[in-house]
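The structure appears below as structure tokens.
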Amino acid sequence: MTIAEANEFRALCDRAGIAVTHQRQVIYQVLSGMHGHPSPEEVYGRVKVRIPAISLATVYKNIHVFIESGIFCTVSLHHGSLRVETNHSPHHHLVCTGCRSITDIAAGDLGLPVKAHKLRGGFLAQRYAVDVLGLCPECQKSVS
């Protein structure tokens, strides 16, 4: 990690109100470099290469700290396990009910608003998280 990246991470932690630790920094770096929707176990596998003594529980705990502080989000938990959202642009998910793969789809592709706004009854929508459930192309082949 460069000095600039380290300073950026410190500033991010300051804004989020969380302490800067070496383990947290490595977990953040690993998560930021992963695409898709990694599970804590996948993150742990990569972090353990850099910090052999780290435990899966520590990785879980720090992922939850990142989520609670708003640095990362989760993908819907009803898909079986915790998945971390690393894509910060407005988007939704295509979830395969066969293989459980999760693919991003741009918010505009579903015709939904991107920004927060008030809904009927005065409810303020802060974030939209739409999951489109279906079968991916590979799983469709096995059904045919």
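What ³J(HN,Hα) values, in whole Hz, does the Karplus curve 6.51 cos²θ - 1.76 cosθ + 1.60 give for region 89-102 when θ = phi - 60°, with x put for Gly and Pro?
7, x, 7, 10, 10, 9, 10, 7, 6, x, 9, 6, 5, 10
For region 89-143, compute Rh as the Kirkwood radius over C-alpha pairs and then the Stokes-Einstein diffusion coefficient at 25 °C and 0.890 mPa s; write the answer in µm²/s, rounded to an integer.
194
Evaluate E = 1/(1 + (r/R0)^6) for VAL49 and LEU119, where r is the Cβ-Cβ distance and R0 equals 41 Å; express this FRET efficiency to the nearest 0.05.
0.35
Give me the number: length gained by fully extending MET34 to HIS22, i.e. 0.36 nm times residue separation minus the C-alpha to C-alpha distance, one decimal in nm.
Length difference between fully extended and current span is 2.5 nm.
Pairs of Cα atoms under 8 Å, at least six residues apart: use those to get the relative contact order of the chain, whole percent.
Computed value for the chain: 18 percent relative contact order.
Would you indicate which of [x] 48, 28, 27; [y] 47, 44, 25; [z] 55, 40, 25 is the value of Cα extents along the principal axes in Å derived from the coordinates of this structure?
Read-out from the structure maps to [y].
Helix 56-68: angle to the longest alpha-carbon principal axis of the chain, degrees 0 to 90, nearest 10?
Value to nearest ten degrees: 70.
How much length would be gained if the chain were fully extended between ALA106 and LEU133, taking 0.36 nm per residue of separation minus their Cα-Cα distance, in nm to one decimal?
Separation in residues times 0.36 nm, less the Cα-Cα distance, equals 8.2 nm.
With each label point set 7 Å from Cα along the Cα-Cβ vector, what nm distance links ASN87 and THR74?
A separation of 2.0 nm, rounded to one decimal place.
Counting helices only, and only those DSSP H runs with n ≥ 4, report the 222 nm mean residue ellipticity of the chain as the sum of -39,500 (n - 2.57) divided by its residues, in deg cm²/dmol to the nearest 500.
Estimated from H runs of four or more residues: -12000 deg cm²/dmol.
Please give the length that would be gained between GLN140 and LEU56 if that part of the chain were fully extended, namely 0.36 nm times their separation in residues minus their C-alpha to C-alpha distance (nm, one decimal).
So the chain would gain 26.8 nm between GLN140 and LEU56.
In region 95-143, if the dipole is taken from +1 on Lys/Arg beta carbons and -1 on Asp/Glu beta carbons about the Cα centre, which of PRO137, CYS99, GLY111 is farthest to the positive end?
It is GLY111, whose Cα lies furthest towards the positive end.
Given charges of +1 on the Cβ of Lys and Arg and -1 on the Cβ of Asp and Glu, with all other atoms neutral, how large is the dipole of region 1-96 about its Cα centre, in debye to the nearest 20?
200
Nearest 10 degrees is fine. How inclined is helix 3-16 to the longest principal axis of the chain, computing both from alpha carbons?
With rounding to tens, the tilt is 70 degrees.
Readers should treat all values here as calculations from the given coordinates under stated rules, not as data from a laboratory. Keep in mind that what you see is a predicted model, and the values were worked out from it rather than measured. With ideal geometry, Cβ positions are generated from the backbone for all residues, glycine too; neighbour counts draw on all protein chains shown.
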